[in-house]
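S.K.: Here you go, one structure.
The values are calculated or read from the model by the stated rules, or taken from the named source; none is laboratory data. From a predicted model like this one, the values you see are computed outputs, not experimental measurements. Cβ atoms come from the backbone with ideal geometry, glycine included; neighbour counts cover every protein chain shown.
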Amino acid sequence: MRIGVIGTGNMGSLIVDALVRSKATRPRFISVTNRTKQKALELAKKYRLLSVYSSPNEILQHADIVFLCVKPAEFHPLLQTLRGRWHPKQLAISITSPISVTQLESLIPCQVARVIPSIVNQSLSGSTLVTFGSSVTDVQKSKLWAILSQFSHPIEIDEENVRVASDISSCGPAFLSYLLQRMIDGAVSSTSISKKQATQLTTEMVAGLGKIFEEHIYTLEELQKKVTVKGGVTGVGLAVLEQEISDVFEKLFTETQKKFIEDRHVVNTEFNGD
Ligand SMILES: NC(=O)c1ccc[n+]([C@@H]2O[C@H](COP(=O)([O-])OP(=O)(O)OC[C@H]3O[C@@H](n4cnc5c(N)ncnc54)[C@H](OP(=O)(O)O)[C@@H]3O)[C@@H](O)[C@H]2O)c1
């Protein structure tokens, strides 16, 4: 299975890293290209047998599965340059949420799927959110599933839930990191602990917490119950959170849905004007 990656920015290079480090494939079976070629060449310094090409067209000539790892606004122009270049047996994979699988199918005359990665896939864990197009064969589905399973837990997601699922899985690491930073800042400004020590304690706590969930030792609820001793300190802290956090996440998801509608509108205008 030859894998091509068009766009080796944050996510494209993360996918190459995850594929190689998880041994899903070897660098000699991966070909990449990037608008600014130097970025792709940097990746090839890391993985010697990786092939770097100068154009997306060349990737299509050398890959069975092609990951399209560009931003939504760059997507339509890229697909225009690839018109007439696809082979019906190829599998094209978009990693961007505002472009629906139906839209992809209208412009790419081969099998298509969407796979939304997450920064946590870098540690060969976390979910990837998968939506298959109508023409993807069972064989191709199994092959893709097997590849993704090497570095993540693939989960099939309906089109209507793609944004909220991405919010949790892909934006979640940034949301939680922000909350943890606020916890550190609060500890530093209210007590005599240093920022360095509070940060170390926090990151080590989160790493341990991740292992607890990975090993299914406790659920979220069980963990809270275990730590909350009756009449103890954790309960006092949780009561403050319950009172203060209010409807912050309802507001957050309302705003991300609004932004998604705006992004979809921009994408639809481009696709409809095709
Ligand atoms: N960041 C996340 O955590 C995350 C998670 C899930 C999904 N996504 C989705 O992933 C997509 C990419 O995000 P990103 O953060 O990886 O963006 P990025 O770092 O800007 O990477 C995009 C890359 O595509 C290259 N590119 C653009 N047009 C091209 C073309 N025609 N041919 C070849 N290369 C081209 C760009 O090249 P240059 O070097 O010339 O700019 C850039 O390196 C977005 O749609 C985003 O929604 C992101």
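S.K.: Please list, ordered by residue number, the strands (runs of 3 or more DSSP E) wholly in segment 81-199 having 2 or more residues that are of a type in the set (G, A, S).
M.R.: 91-94
S.K.: Could you tell me whether any residue of segment 70-93 is within 27 Å of S170 (Cα to Cα), crowded, with 19+ Cβ neighbours inside 10 Å and of a type in the set (V, I, T)?
M.R.: Within segment 70-93, one or more residues are within 27 Å of S170 (Cα to Cα), crowded, with 19+ Cβ neighbours inside 10 Å and of a type in the set (V, I, T).
S.K.: Among the residues of segment 13-27 satisfying the criterion of being small (G, A, S) and not in a helix (DSSP H, G or I), which is nearest to D64 (Cα to Cα)?
M.R.: Applying the first criterion (small (G, A, S)) to segment 13-27 yields 13, 18, 22, 24.
The next check asks that each one be not in a helix (DSSP H, G or I); those that pass are 22, 24.
Numbers: S22: 19, A24: 15 Å.
Looking at the filtered set, the residue picked out is A24.
S.K.: Tell me, yes or no, whether segment 129-145 has at least one residue that is in contact with a helix residue (DSSP H, G or I) (Cβ under 8 Å, 6 or more places away or on another chain) and either within 11 Å of the ligand (Cβ to nearest atom) or not assigned by TED's automatic domain parsing to the domain that holds G9 (or both).
M.R.: Taking every residue of segment 129-145 in turn, at least one turns out to be in contact with a helix residue (DSSP H, G or I) (Cβ under 8 Å, 6 or more places away or on another chain) and either within 11 Å of the ligand (Cβ to nearest atom) or not assigned by TED's automatic domain parsing to the domain that holds G9 (or both).
S.K.: Looking at segment 50-79, which of its residues are free of Cβ contacts under 8 Å to residues at least 60 places away in the same chain and more than 9 Å from the ligand (Cβ to nearest atom)?
M.R.: Hits for segment 50-79 are L50, S51, V52, Y53, S54, N57, E58, L60, Q61, L79.
S.K.: I would also like to ask the following. In segment 154-173, which residues are free of Cβ contacts under 8 Å to residues at least 24 places away in the same chain and of a type outside the set (V, I, T)?
M.R.: As a first pass, look at segment 154-173 and keep what is free of Cβ contacts under 8 Å to residues at least 24 places away in the same chain: 160-161, 168.
Answer for segment 154-173, where residues must be free of Cβ contacts under 8 Å to residues at least 24 places away in the same chain and of a type outside the set (V, I, T): E160, N161.
S.K.: Any chance you could count how many residues in segment 102-121 are β-branched (V, I, T) and surrounded by 19 or more Cβ atoms within 10 Å (Cβ to Cβ)?
M.R.: 4
S.K.: To continue, here is another question. Kindly evaluate S22 against the criterion of being polar (S, T, N, Q) and away from the ligand (no atom under 12 Å from the Cβ).
M.R.: yes
Each row is one residue, and each column tells you yes or no for (1) in contact with a Ser or Thr (Cβ under 6 Å, 6 or more places away or on another chain); (2) over 27 Å from G186 (Cα atoms); (3) modelled with pLDDT of 95 or more.
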{"site": "L220", "(1), (2), (3)": "no, no, yes"}
{"site": "L223", "(1), (2), (3)": "no, no, yes"}
{"site": "G232", "(1), (2), (3)": "no, no, no"}
{"site": "D247", "(1), (2), (3)": "no, no, yes"}
{"site": "K251", "(1), (2), (3)": "no, no, yes"}
{"site": "E255", "(1), (2), (3)": "no, no, yes"}
{"site": "D263", "(1), (2), (3)": "no, yes, no"}
{"site": "V267", "(1), (2), (3)": "no, yes, no"}
{"site": "N272", "(1), (2), (3)": "no, yes, no"}
